[in-house]
Amino acid sequence: MKFFQITLITTFLVIVGCKEKYNTSTSKIQHHVGNVSSDSKLHWSYKGETGPEHWKEIEKNSECGGSIQSPINIVNYVLDSTLHKFSVQYAAGTHIHDVVNNGHTIQYNFEVGDYVVFDNVKHTLRQFHIHEPAEHLIDGVRFPMELHLVHQNDDGGYAVISVMAKEGISSEPFSFLERFLPLEVGDKKTVDLEFDMNLSLPSDKTYFTYEGSLTTPPCTENVQWIIFKEPITVSLAQVDNIKKIMPLNNYRGIQPRNSRPVILSDY
Ligand SMILES: [Zn+2]
C-alpha cells in the first residue's frame, strides 16, 4: 500500500555542489560551493557545447544516456484509486540552514528537516531548488517555474516532490526566500531560520508519480517523482527576481518515456 507520512526528524546537512571551473574574470567569488576543480575538464551547463544534449559525453560516469531519464511530458497517465491522499504536513519549525547559487540553480539546504514515506521507505528532506521555466510538462504545458523538493533514503534512493508555479498573486513564502537574494555564482548565505514548507505546496494534493532520474548530471536513475497536478502562484516580479540570478532556461528537455507508467492519484 502506498502512502505518505510526514514526521519531524533531525537530518544531515547536505550541500549538493558540483565540481565547477569558474571563470574568475566574469564572476565574483566570495564563497565557493562544493569542490572547485582546477582541471580543464568541461563542466555541464544549459547551453552550447556543454548543454543538455552533450551531458552524456562530457559527464563520463553519469547515467545521462540512460533509458529512464527525467524530465518527461506527463501525459497518458492512469488513475490509481489505491494511492492514498497525500496529506503533506511538514513541521512548521523546519530549519533552512543556507542558500547557495551553485551556478545551475538557487538551492536552499535544510539543517533539520522532515521526511516523507513512500512505499514504506523513509526519505529525508535535503534541499529544494528552482527551475525556470519548468522541466516537466503536464499535458504538454510548461509552467513558468518548477520547484524540486529533494528527499533521499538511507540507501541513496531519491524521492523528489515537484511543485509547479504559475504567475498570479505573489507568494508569501517566496517573498521570505527572496530576502536572501541576490547571490553571485558560487556564493552561499546562511539563513538559519525556520521555514514552513507546507506554505509552498498547493492546497490540492492530487499528484502524478513515475520512476525517473535526477534532471542534472549525474542523472542518477533512482528517483521516484511525485508531481503535484495543481500549481502554486508567484508574482511576475518574483519570477523575474530569480530569473536574474540563475542561468537562462535552467531546464533539461523532455526525455523518452520508454513505456514507463505514469500514475495519477485519484481523489
Ligand atoms: Zn531540479
*Where does each of His43, His123 land when they are ranked from fewest to most other beta-carbon atoms within 10 angstrom?*
His43, His123
_Rg ratio (alpha-carbon, reference 2.2 N^0.38 Å) - the range 20-265_ = 0.98
*Karplus (6.51, -1.76, 1.60) ³J(HN,Hα), θ = phi - 60°, over the range 214-221, in Hz, Gly and Pro reported as x*: 5, 9, 10, x, x, 6, 4, 9
_Whole-Hz ³J(HN,Hα) for each residue in the range 132-146, computed from phi via Karplus 6.51 cos²θ - 1.76 cosθ + 1.60 with θ = phi - 60°, x for glycine and proline: what do you get?_
9, x, 4, 8, 6, 9, 10, 6, x, 9, 9, 7, x, 8, 9
*Given a cut-off of 30 Å, name the pairs among Lys122/Lys229; Lys166/Lys189; Lys60/Lys205; Lys122/Lys243 whose C-alpha atoms lie farther apart than that in the structure shown.*
Lys60/Lys205; Lys122/Lys243
*asked:* Can you tell me what share of the DSSP beta bridges in the range 20-265 is antiparallel? A percent to the nearest 5 is fine.
replied: 75 percent
_Listed residues Thr233, Asn198, Thr215: farthest to the positive end of the dipole of the range 183-267 (Cβ charges)_ = Thr215
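Test of understanding: ordering Met246, Met164 by Cβ neighbours within 10 Å, fewest first, what list do you get?
Ascending Cβ contact count within 10 Å gives the list Met246, Met164.
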*For Asp98, list long-range residues whose amide hydrogen, built 1.01 Å from N in the peptide plane, is under 5 Å from its own amide hydrogen.*
Asn109, Val191, Asp192
*Which of the peptides 148-156, 129-137 is most tightly packed, and how do the rest follow, judged by the mean count of other Cβ atoms within 10 Å per residue?*
129-137, 148-156
*Have a look at the range 155-267 and give its Rg and Dmax from the Cα atoms, expressed in angstrom.*
16.1, 43
*Isotropically averaged projected area of the range 101-211, using the convex hull of Cα atoms (one quarter of hull area), nm²*: 8.0 nm²
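Each value in this text was obtained by applying a stated rule to the coordinates, not by laboratory testing. It should be emphasised that the depicted structure is a prediction, and the values quoted were computed from it without experimental measurement. Here Cβ is always computed from backbone atoms with ideal geometry, including for glycine, and neighbour counts include all displayed protein chains.
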